[in-house]
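Q: If you scroll down you'll find the structure; I have some questions about it.
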Amino acid sequence: MKTKLKLIPILVANLFAVTAASAADGGFVWSGEVGVGLRGTNVDGDARNVGAGLRAVPSGPIVNPPTTTDEAKFNEFRDLERSGLIGTIDIKGRGDNSYVDFFGENIARDDQYLNAQGGQYGVFKYRLYNDKMTHNLSWNALTPFAGAGSSNLTYAGTWDATGSAAALIDSHNNPATWNLFDTSLKRNNYGGYFELSNNSPWYIRFDANEVTTKGIRPMGSPFTNSSGNGPIDLPTPVDYKTRNLSFEGGYASKRGLINVSVLRSSFNNSIDHLSWMDPKWSTGTSYGTAVNLLPPISVQEKVGVNGTLRQLPLSSTLSGRVSYSQLTNSIGLSGLGYVTNLNDATPSSSTTSPSSSQFDGKIVTSNASLSLTSNPAKNLDTRLYWNWYDRRNDSTPISYAAGTGSPTVIAALPAGQPFNYRKGNAGLDLGYRIDAAHKLGGGIERKEVIRTVGTAPLQEPVSTNDNTYYLEYKNTALDILNGRLKYERINRASGDYGASAATSTVINPGFSTAMDTANFHQDRFKLMLDSNPAPLLDLGFQAIYKTTDYHGRPYGIQRDKRQEYDLSVSYGDPSKFRVTAFVDWEIVNAEDNWYVGTFGAATSATDFDVRTSQHSTNKLFGLGADWPVASRFTLNGSYIYSKTDGAVDFTHTSTATTGALFYQGGLIPFNTDNTTKHAVNLKGKYTVDKNWAVTGGYAFERYNYRDDQMNGFNGYYAYYAPASATNSAILSGAFQNPSYKAHIFYLMANYKFQ
Amino acid sequence: MAFWDSGKHKKNDVSCNNCHSLHGTPGLGSTIALKTSAPPISPYVTTVRQLEHETCNTCHKDKRAQIMKPSHHPIIEGKVKCSDCHNPHGALSQSMIKTEVPNDLCLSCHTDKRGPWIHEHPPVAESCLTCHTPHGSNHNRLLVMKPPQLCQECHRVSAASTGGHTATFVDGRSIRDATSASSVTTRFQASGCVNCHRQIHGSNAASSGWGNAFVR
C-alpha cells in the first residue's frame, strides 16, 4: 500500500511535468477516457472432501476433516475476490514534438496496473510503471501448526507420533481442529526507464525496477530427514525482493547497430529458513526443531555486446552477440540448516561439519552468437548461424564429515558436484522462391552439448549430439487458399558416460537414460492452411504431428506421440454482425519401460518389467460474436469450452498376480488432470453521446477438476511406504479440489474526451 | 529491430502490417495498434488493455490452445505478454527468446530458483524445459508430465539397487478411498516425489539434512 501511495503521485506528477514541458509544443492535444463502475462477483468453490472420508490407519476409524472450499482458482491471476468499485483511466497527449500517455486500471486492487510514458520524438522517451499481480494458488488449506506465514511453525500441545488410532485423541492429529491458511502470492513490480538519443544515432538507456513477492506457498517436507517417515505439508513464508538495474548505450543507423549493455540483478529473501516442530523427532517431552532452507540471496552481473552490420556484399547482414554473466552468493555455513541434522531435539548433537565455513557460490556463463543472412542469388536467401554457450560452476566445493553425536545417521558426503555444460549449435537455412507463389525452404543444424561434473559419475551422458534437418514448402498460388507444409527430422545420439557410471547398478546407461538425453529419432510434420473461400469468410487450419522414437535402451522412455489440430472460422461484416469460432484438439501419448525388483534378475514374481502408458488430451472450443444492434448499441460475447483428460495405464510381466505389489490382481490405472471449464463472457455497450457511454456485462464460469492423485490429499493418516502404516502423513489439501462456479456482473460509465 | 534479419518472422515473410494496424487506433493503455482476429474470444479478464497474444495467436494457433490450459502463465489475464519472453522483431536465440538460453529467461523472473546451490540438480541447471513447458499444461506447475511419472523418466525408484525407495512402484492401487483397507502412499499423491523432495531446483542444506537429495 505504501508503494502505491508513493507511486501514484509520481505518475500523476509525470502528467503535469510533461504538460509544462509541452507548453511550447504547438498543437498539443489531450484525449482520453475515464471509466468508473461497479463489479460484483459470486463464487462457490466445491468442497474438498465430499464423499471421501479419511481412514486414519488401515482398518482404523474414518475421520472427516472440516469441509472447506477453495476459490483460489477463480481468483488465480485476477483480483475478483472483492466486489465493489472498478475503474480505468487512459489519457493521451499528442503534440508536434512530444507525447505523453497515462493509463491506470484496477487501482488499489491486487492486480493494479499503472503506466506513464512519454517523451519528445527523436530526443528522449521514458516510462514509469507499477504492475501488481496476484497468484492465488489454493485457499483454505489445513495445517496443525500455528504461525502460518511466519518463519516458525509451532504446536501448542503434545503429539503422539506413533501413528496409531489412539493418536487421534490428540487434538493435533485431528484435522477438525487444524488451522486454515491460504497459499497465495502478491507480486508488486514497479520501475521505469529513460532513453536519450537527442536526434542522433547514439543513444543511452537506463532501466530500473524492483519486484517484491510476498505471501505463503506450499512446501512439502519429510518428517525427520527421510521420506520413509512420511511427509508433511508446510505453509512456507515468501518475502522476496529482486532489484534490477541496467544500462544500455549504443549507436544505431541504417547501416548497422552496436550496443553495450550492463545488468545488475540482486535477489534478497528476508526469511532464509523455516523452522517447524517435528513430532517424529521428539524426545517425548519436547519437539525437535526441523529447519527447511528457503531460497538464498544472489547477485547477477551481466555484460553484453550486440552488433549488426547491414548492406554487406550479397545483400548480407551480419549480426552477433557476446555476453558474460556471473551469479554469486556468499552464505555462512554456521547456521542451523547448514551444519546440523535439521531434525533434532538437540540439534548440536548431530552435526555434520562442512569442509568450509562459507559457501561462495559462483555460476559463470558466456555466450557468443553469429548470424549471417544473405541473398547470394536471385530468389535465394540464406542464413548461416552459430551459437556457443558455456555454463561453469565455480562455487566452493563443500564436503561433509560423517555425523557426530547421537543419533549419528549421516555418512560423510564428498564435495558437492558442480555441474558444467557447454552447448554449441550451427546451422544453415535456405529459402528459394520458385516464383511469386511458390517457395521452398530447407535447413540443417548440428547441436552438441558437453557436460561435466566434479568427481562423481555423471548421471547423464557426457555429450549429446542433435542433427536436425527440415524441408518446407509454401504455396500462395490460389486466390482462396494459402498453405505451408514443413517436415523436420531430429536425430539425437548420446554417449560417453563416465567409466564408473557405465558399471554402476544405479546409473547404467545400457538400461536407462535420462529422458532429456536419451537417443531418439523425431519426426515432425506441420501443415498450415489459410483460406478465404467466400467474401467475409476466413478459414484457418493447423495440424502438427510429432513422433519421437527412443531407441537403444530397454528401459526408460520409449515412445512419445503428439498430435495437435487447430481450426478457426470467421465470418461477418464488422458493420453488421461477425462471428468467430475455433476448435483446438491435442492428443499426447507416451510409453515407458521400467522394472521392479532386483536389477538384471530373471523375470519372477518379484523381478519383472512394467510398461507405463501415459495419455492426455486437451480439447478447446471457442465461439465469439459481436453485433451492432443499433447505431448506439453493440453487443459482443464469447463462450469457451475446454476439457482436459489424462490417464496412466500399466502392463507387467510378473509371474504373480497377488502380493504386496498388486491390488486385486494387477497394477491399477489411474486418471489425472481431468478438468472441464465453461466460460461465458457477455458485454453490451450503449453510446449515449460523443462523450458518454455505458457498458454492462455478465460472465459465468464453471470449472470442474478431478484427479485420482488428489484423492485424500487432506488430513492426517498413516503413511504407506511401502505396506507400512507405522508412520504418518500430514497433508494440507492444497490444490485438492479447485472446482468452482462463479458469476460476475459489472456496470461502467465511461467518459471520453478529445 | 537489430536482429530482424536473423529472426524467423523475416524468414517466413512476415511483414509489419501482418501484426500492426498501421492506421488503426491504439487500444486503451496502448501506444501501438495491433491487428487481432475479431471478435475476440476470451474469458472475463480484469484488464481492458489490448492483449498481445490475440495478435500472435492469429498465426500461432497451437499456442492459443496452450495458454488456455488449466496451468498457464497469466497471459490471457494480461499480466504476461508474448513479448516479455520473445522478441517478435528478431533475435539470435532459438524461438526468438530474449536471452541466450531458456534458463536465463525463466530465472530473470523466478529469481528464487537461480541459486547458486551447494547441491545442484543438473537437468535444472541445464534447461527448465526438461520438466516445464512455458505456455500451458494440463498438469500443475506447467509440468510436461505429472509426477511421479516425470521423475521416473530419469530416476528408477522401484529398483532395489537404488536403495531407499525400494518397492514403491506407484500405480492406481495407491488411490485412497473410504472403503479401501489400504492407505495411500504419498509418493503417488499430488506432487508425487516432490511431496518430500521439494527443493528440486537446488539446495544449500547440509548433507545431514539430505540437501543432496533436495529434501531440505
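Q: Restricting attention to region B:198-214, and to residues there that are of a type outside the set (Gly, Ala, Ser) and modelled with pLDDT of 85 or more, which single residue is surrounded by the most Cβ atoms within 10 Å (Cβ to Cβ)? Full working, then the answer.
A: Within region B:198-214, the first condition is being of a type outside the set (Gly, Ala, Ser), and the residues that meet it are B:198-201, B:204, B:210, B:212, B:214.
Add one more test, that the residue is modelled with pLDDT of 85 or more, and what stays is B:198-201, B:204, B:214.
Numbers: B:198: 23, B:199: 26, B:200: 18, B:201: 20, B:204: 29, B:214: 22.
This residue is B:204.
Q: Which count do you get for residues in region A:105-137 that are in a loop (DSSP other than H, G, I, E, B) and within 22 Å of residue A:86 (Cα to Cα)?
A: Residues in region A:105-137 being in a loop (DSSP other than H, G, I, E, B) and within 22 Å of residue A:86 (Cα to Cα): 7 in total.
Q: Could you check how many residues of region B:110-134 are in contact with a helix residue (DSSP H, G or I) (Cβ under 9 Å, 6 or more places away or on another chain) and either within 8 Å of chain A (Cβ to nearest Cβ) or on the phi > 0 side of the Ramachandran plot (or both)?
A: Of region B:110-134, the ones in contact with a helix residue (DSSP H, G or I) (Cβ under 9 Å, 6 or more places away or on another chain) are B:110, B:113-115, B:117-119, B:123-134.
Filter once more, so that each one left must be either within 8 Å of chain A (Cβ to nearest Cβ) or on the phi > 0 side of the Ramachandran plot (or both): B:113-115, B:117-119, B:123, B:125-127, B:130.
Total meeting the criteria: 11.
Q: Which one of these is touching a strand residue (DSSP E or B) at 6+ places or on another chain (Cβ under 9 Å) and modelled with pLDDT under 85: A:472, A:445, A:460, A:488?
A: Checking each option against the conditions leaves just A:460.
Q: Out of everything in region A:354-382 that is more than 7 Å from chain B (Cβ to nearest Cβ) and among the aliphatic types (A, V, I, L, M), what residue ends up being surrounded by the fewest Cβ atoms within 10 Å (Cβ to Cβ)?
A: A:377
Q: Checking residue A:611 against (1) more than 9 Å from every other protein chain (Cβ to nearest Cβ); (2) more than 22 Å from residue B:147 (Cβ to Cβ); (3) surrounded by fewer than 16 Cβ atoms within 10 Å (Cβ to Cβ): exactly one of these is not met. Which one?
A: Condition not satisfied by residue A:611: (2).
One line per residue, one yes/no per condition, for (1) at pLDDT 95 or above; (2) aliphatic (A, V, I, L, M):
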site	(1), (2)
A:334	no, no
A:337	no, no
A:370	yes, yes
A:378	no, no
A:399	no, no
A:405	no, no
A:414	no, no
A:423	yes, no
A:432	yes, no
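Here is a yes/no grid of residues against (1) within 28 Å of residue A:565 (Cβ to Cβ); (2) at the interface with another protein chain (Cβ under 8 Å from one of its Cβ atoms); (3) touching a residue at least 60 places away in the same chain (Cβ under 8 Å); (4) hydroxyl-bearing (Ser, Thr, Tyr):
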site	(1), (2), (3), (4)
B:5	no, yes, yes, no
B:8	yes, no, yes, no
B:23	no, no, no, no
B:29	no, yes, no, no
B:35	yes, no, no, no
B:41	yes, yes, no, no
B:64	yes, yes, no, no
B:68	yes, yes, yes, no
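Q: Residue check, residue A:597 against (1) under 34 Å from the mean Cα position of the chain (by Cα); (2) surrounded by 21 or more Cβ atoms within 10 Å (Cβ to Cβ), all met but one. Which one?
A: With (1) under 34 Å from the mean Cα position of the chain (by Cα); (2) surrounded by 21 or more Cβ atoms within 10 Å (Cβ to Cβ) applied to residue A:597, the lone miss is (1).
Q: Just one of B:93, B:71 is under 14 Å from the mean Cα position of the chain (by Cα) and outside the structural domain of residue B:148 (by TED's automatic domain parsing); which is it? Outline the logic, then answer.
A: Working: B:93 fails: under 14 Å from the mean Cα position of the chain (by Cα).
Exactly one residue qualifies, and that residue is B:71.
Q: Also, I was wondering about something else. Run residue A:717 past the list (1) at pLDDT below 85; (2) over 19 Å from residue A:221 (Cα atoms); (3) of a type in the set (Phe, Trp, Tyr) and report the number of the one that doesn't hold.
A: (2)
Q: Let me ask you something else. For region B:82-98, which residues satisfy the criterion of being more than 7 Å from chain A (Cβ to nearest Cβ), in contact with a strand residue (DSSP E or B) (Cβ under 9 Å, 6 or more places away or on another chain) and not small (Gly, Ala, Ser)? Working first, answer last.
A: To start, the set of residues in region B:82-98 that are more than 7 Å from chain A (Cβ to nearest Cβ) comprises B:82-91, B:93-98.
Next cut, in contact with a strand residue (DSSP E or B) (Cβ under 9 Å, 6 or more places away or on another chain) only: B:85-87, B:90-91, B:93-98.
Answer for region B:82-98, where residues must be more than 7 Å from chain A (Cβ to nearest Cβ), in contact with a strand residue (DSSP E or B) (Cβ under 9 Å, 6 or more places away or on another chain) and not small (Gly, Ala, Ser): B:85, B:86, B:87, B:94, B:96, B:97, B:98.
Q: I've got another one for you. Would you confirm, using the coordinates I've provided, whether residue B:193 is crowded, with 22+ Cβ neighbours inside 10 Å, at pLDDT 80 or above and not in a loop (DSSP other than H, G, I, E, B)? Walk me through how you get there before you give the answer.
A: Working: crowded, with 22+ Cβ neighbours inside 10 Å: yes; at pLDDT 80 or above: yes; not in a loop (DSSP other than H, G, I, E, B): yes.
Judged against the criteria, residue B:193 is a match.
Q: Yes or no: region A:544-564 includes at least one residue that is of a type in the set (Asp, Glu), under 30 Å from residue B:42 (Cα atoms), in contact with a strand residue (DSSP E or B) (Cβ under 6 Å, 6 or more places away or on another chain) and modelled with pLDDT of 95 or more.
A: Here is the first cut: in region A:544-564, the ones of a type in the set (Asp, Glu) are A:549, A:560, A:564.
After this cut, where a residue has to be under 30 Å from residue B:42 (Cα atoms) as well, the list is A:564.
Now restrict to residues that are in contact with a strand residue (DSSP E or B) (Cβ under 6 Å, 6 or more places away or on another chain): A:564.
The next check asks that each one be modelled with pLDDT of 95 or more; those that pass are A:564.
Yes, because at least one residue in region A:544-564 is of a type in the set (Asp, Glu), under 30 Å from residue B:42 (Cα atoms), in contact with a strand residue (DSSP E or B) (Cβ under 6 Å, 6 or more places away or on another chain) and modelled with pLDDT of 95 or more.
Q: Please determine, by comparing only the residues of region B:50-60 that are over 17 Å from residue A:637 (Cα atoms) and assigned to a loop (DSSP other than H, G, I, E, B), which one is farthest from the other protein chains (Cβ to nearest Cβ).
A: Within region B:50-60, the subset over 17 Å from residue A:637 (Cα atoms) is B:52-53, B:55-60.
Pick out the ones that are also assigned to a loop (DSSP other than H, G, I, E, B) and you get B:52, B:57-60.
Details: B:52: 14, B:57: 9, B:58: 8, B:59: 8, B:60: 9 Å.
That would be B:52.
Q: Next question. Would you call residue B:79 facing chain A (nearest Cβ under 8 Å), among the charged types (D, E, K, R) and over 16 Å from the mean Cα position of the chain (by Cα)?
A: On the way: facing chain A (nearest Cβ under 8 Å): yes; among the charged types (D, E, K, R): yes; over 16 Å from the mean Cα position of the chain (by Cα): no.
Criteria not met by residue B:79.
Q: If residue A:565 meets every condition in (1) in contact with a Phe, Trp or Tyr (Cβ under 7 Å, 6 or more places away or on another chain); (2) closer than 19 Å to residue B:138 by Cα; (3) within 8 Å of chain B (Cβ to nearest Cβ) apart from one, which number is that one?
A: (3)
Q: Just to be sure, is residue B:137 more than 7 Å from every other protein chain (Cβ to nearest Cβ) and in contact (Cβ under 8 Å) with a residue 40 or more places away in the chain?
A: On the way: more than 7 Å from every other protein chain (Cβ to nearest Cβ): yes; in contact (Cβ under 8 Å) with a residue 40 or more places away in the chain: yes.
Yes; evaluated as a whole, the condition is true for this residue.
Q: Here is a follow-up. Which condition number does residue B:66 fail, the rest of (1) surrounded by fewer than 20 Cβ atoms within 10 Å (Cβ to Cβ); (2) under 15 Å from the mean Cα position of the chain (by Cα); (3) under 26 Å from residue A:622 (Cα atoms) being met?
A: Of (1) surrounded by fewer than 20 Cβ atoms within 10 Å (Cβ to Cβ); (2) under 15 Å from the mean Cα position of the chain (by Cα); (3) under 26 Å from residue A:622 (Cα atoms), only one is false for residue B:66: (1).
The values are calculated or read from the model by the stated rules, or taken from the named source; none is laboratory data. Only a predicted model underlies this, so the values are computations on that prediction, with no experimental measurement involved. Note: ideal-geometry Cβ built from the backbone for every residue, glycine included; neighbour counts use all protein chains shown.
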